[in-house]
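The values are calculated or read from the model by the stated rules, or taken from the named source; none is laboratory data. Not measured: the values here are computed from a predicted model. No Cβ is skipped: glycine too gets one built from the backbone with ideal geometry, and neighbour counts run over all protein chains shown. Note: areas computed on protein heavy atoms with side chains; ligands, DNA, RNA excluded. Shrake-Rupley method; radii C 1.70, N 1.55, O 1.52, S 1.80 Å.
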Amino acid sequence: MKISALAISSLMVMGVADAFVSNSRTPVSTVSMKVADVYDMKNQRGVGATSTYLNSLAPMPSKREGKSEEEIQTELSSGKVMEGGKVIDFEAIKGPSHAEQALQTAKDGIVSSGKKYIPPGNGILGINDDVVSEVGHELGQFATPGQIQLCASYLRSKAPKSLFEPNHNNSINREASSFTEEEKKTIDSILRKAYVESGEVTSAFAKTFFLGTQLLPELPREAIWAIYVWCRRTDEIVDAPRDSDEEMLNDLGSWEMRLEALWKYGEVEDVYDLCLLDVLVKYPNLPITPFTDMIRGMLMDVPGLGQERYESFDELHLYCYRVAGTVGLMSLPVFGCAEGFNDQIAREPALSLGVAFQLTNILRDVGEDAEKRGRVYLPREDMAKFGVTEEQILAKKIDKNYRDMMKFQIERAKMYYERARRGVFMLAPESRLPVQSSLDAYGRILDKLEENGYDSLTTRAYVGKWEKLSMIPFSWYRTQDISRSLPLPGDKTIPTLDEPTP
């Protein structure tokens, strides 16, 4: 999937976007999808598609597959237009889609069975052999089920009284004062280890993003690791190679039910759930909706369940929200807001940055997505406007029509970056540099596309590590108040909330 990455909050330092903005998903029976580098959830293990599969990509479908026109329009009509219509908030929008019905059917089946769902493999859903191999050692095996529930009980006892509903199914429910010093030491040790491994997973799959998190204080840094690991696991559940989608839907249905139980009752099943529970206790205004919306974004990339093509930019906008804007909304409570601002005010810039990052991924990967995954994310109405065809994209033919279309798409993406820039000053001071750094580094990809002659079919736009590092001093200056009155050469003045944005 193109999950990747993020919106104002989640865009933490250079590379953030590439990690939660993964690319399309090939048929599960054929190949294991790539996923991660934190705002390029591109699986660094490689796609490994067979020549038979690649041959099957041509000719590309001439009509929309997956979601029906009626399903798509139902979802689009439910979005909330923000600031003149350039940004749309699709939070919690659910159309009567086949994917939605299939996921609900899987959840109903789990409930009606009356049995606890046991995931295949090592019993830790979303932590498969590929993840273990990438990290280099076993994961999540350092605590017993009893110890995990002890930790969960302690975390629930520290939560605001109204955060969780009472649930008599919880095996351990105690007051905070009842835990002994020895138990607290055990709990602290387990949580420390769980966060260390969360950082290791983040580092293994999203190296640049991981380095960026080092610019944050300890608490938000670990919270972002926990959120990343949840997104990573979700992506693994959807993209893991399987014989059919039925097993995937069962895993994903169980996964969403676990998420709902964590938010409602504070229930957990493994050590990484503990990290997310700890984050929820520390940031009780963290909403569940972006997490469930991301699940639906991942389903949009599943052949036969999701959406194979996008007729208009509005359709693509919904996809961008689900796989990228959601990450920003997950991260916003963790980053915190500056005095005079709150999550609702910062929401529009966050969503703008999510759209910007996702569009950047799409524009960078046009050729790769078409050749390896049979996906074209560019809106068909835009392609028709400039005289660009899918056959041309698959043949990797660069001409004036294609360059003109890319110029148009890049200008649109830059407009969203400009709308997002003012959101940096809405964040708590300690959170601004990671976000600004990621905004600058990821936006630089658009410059690379221009330098490459708008060729995103045969050449990949790439910003090297040292170039990213060299940008940090400039990113730092842009987070200072003086930059609003004395911008860097080439920078536009950042508009205030009361001023119109581009």
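I'd like the residue in the stretch 481-498 that is open to solvent by 60 Å² or more (accessible area, probe 1.4 Å) and in a loop (DSSP other than H, G, I, E, B) and, out of all such residues, is nearest to SER431 (Cα to Cα).
ASP481
Hey, can you tell me all the residues within the stretch 403-462 that are small (Gly, Ala, Ser), more than 17 Å from TYR477 (Cα to Cα) and more than 20 Å from the chain's Cα centre (by Cα)?
Scanning the stretch 403-462 gives GLY453, SER456, ALA461.
Give the residue that is surrounded by the fewest Cβ atoms within 10 Å (Cβ to Cβ), with candidates limited to residues of the stretch 450-473 that are over 20 Å from LEU378 (Cβ atoms) and acidic (Asp, Glu).
GLU451
Do you know which residues across the stretch 423-449 are at pLDDT below 90 and surrounded by fewer than 21 Cβ atoms within 10 Å (Cβ to Cβ)?
Within the stretch 423-449, just GLU430 meets the criteria.
Would you please list the contacts, defined by Cβ atoms under 6 Å and residues six or more apart or on different chains, that run from a residue in the stretch 357-384 that is on the phi > 0 side of the Ramachandran plot to a residue that is surrounded by fewer than 24 Cβ atoms within 10 Å (Cβ to Cβ) and at pLDDT below 90?
Final answer for the pair search is GLY374/LEU57.
Return the pairs, sorted by first residue and then second, in which the second residue is in a helix (DSSP H, G or I) and among the polar types (S, T, N, Q), the first residue lies in the stretch 274-288 and is closer than 15 Å to ALA194 by Cα, the beta carbons are less than 8 Å apart, and the residues are 6+ apart or on different chains.
If the second residue must be in a helix (DSSP H, G or I) and among the polar types (S, T, N, Q), the pairs left are CYS275/SER198.
Please enumerate the residues belonging to the stretch 212-248 that are touching a Lys or Arg at 6+ places or on another chain (Cβ under 9 Å), part of a helix (DSSP H, G or I) and open to solvent by 10 Å² or more (accessible area, probe 1.4 Å).
LEU219
Tell me which of these ASN285 doesn't satisfy, since it passes every other one: (1) in a helix (DSSP H, G or I); (2) within 30 Å of CYS151 (Cβ to Cβ); (3) not acidic (Asp, Glu).
Evaluating ASN285 over (1) in a helix (DSSP H, G or I); (2) within 30 Å of CYS151 (Cβ to Cβ); (3) not acidic (Asp, Glu) leaves (1) as the failure.
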